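K.L.:
Here it is: the structure, laid out below.
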Amino acid sequence: MKAGTAQKLVLNMISTGVMLRLGRVEGNLMTDLQPMCDKLVDRSQRLIMNLANVDEGTARHAFESSGGSVREAARLRDSVQ
């Protein structure tokens, strides 16, 4: 059990480092995700609300107008406000 936990921690550190180097992180949030289900769509909209400091309706509009991309919606946050 301990070896499995250690392996998981190491793999999580590697994947986090890769995401940082690829620029898929905004602040301390991993924003480059593919929302394939309702749960991830909701998470994407909450990320946009947090990053752009906007309400839920504005975040939903930005998410839809960006083609479902949190990264693009975050880049559009100046025009969202």
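The values are calculated or read from the model by the stated rules, or taken from the named source; none is laboratory data. Predicted model, so just to flag it, every value in this text is computed and none were measured. All Cβ positions, glycine included, derive from the backbone under ideal geometry; neighbour counts span all protein chains shown.
K.L.:
Give the residue that is surrounded by the most Cβ atoms within 10 Å (Cβ to Cβ), with candidates limited to residues of the stretch 47-81 that are on the phi < 0 side of the Ramachandran plot, outside any helix (DSSP H, G or I) and among the polar types (S, T, N, Q).
P.N.:
By that ranking, first place goes to S69.
K.L.:
Can you find a residue that is part of a loop (DSSP other than H, G, I, E, B), out of contact with any His (no Cβ under 6 Å at 6 or more places or on another chain), at pLDDT 90 or above and loosely packed, with under 14 Cβ neighbours inside 10 Å anywhere in the stretch 28-37?
P.N.:
Checking the stretch 28-37: at least one residue is part of a loop (DSSP other than H, G, I, E, B), out of contact with any His (no Cβ under 6 Å at 6 or more places or on another chain), at pLDDT 90 or above and loosely packed, with under 14 Cβ neighbours inside 10 Å.
K.L.:
Restricting to the stretch 1-19, name every residue that is touching a strand residue (DSSP E or B) at 6+ places or on another chain (Cβ under 9 Å) and aliphatic (A, V, I, L, M).
P.N.:
Listed by number, the list holds a single entry, M19.
K.L.:
Within the stretch 59-77, is even one residue of a type in the set (V, I, T) and at pLDDT 90 or above?
P.N.:
no
K.L.:
Just one of the numbered conditions (1) outside any helix (DSSP H, G or I); (2) without any contact (Cβ under 8 Å) to a residue 12 or more places away in the chain; (3) surrounded by 17 or more Cβ atoms within 10 Å (Cβ to Cβ) is not true of G23; which one?
P.N.:
Unmet condition: (3).
K.L.:
Let me ask something else about it. Could you check the stretch 26-71 and list, in sequence order, the residues that are polar (S, T, N, Q), in contact with a Lys or Arg (Cβ under 9 Å, 6 or more places away or on another chain) and in contact (Cβ under 8 Å) with a residue 24 or more places away in the chain?
P.N.:
Matches in the stretch 26-71: T31, N53.
K.L.:
Looking at (1) of a type in the set (G, A, S); (2) closer than 17 Å to G67 by Cβ; (3) exposed (fewer than 14 other Cβ atoms within 10 Å of the Cβ), which is the one condition that is false for S44?
P.N.:
Evaluating S44 over (1) of a type in the set (G, A, S); (2) closer than 17 Å to G67 by Cβ; (3) exposed (fewer than 14 other Cβ atoms within 10 Å of the Cβ) leaves (3) as the failure.
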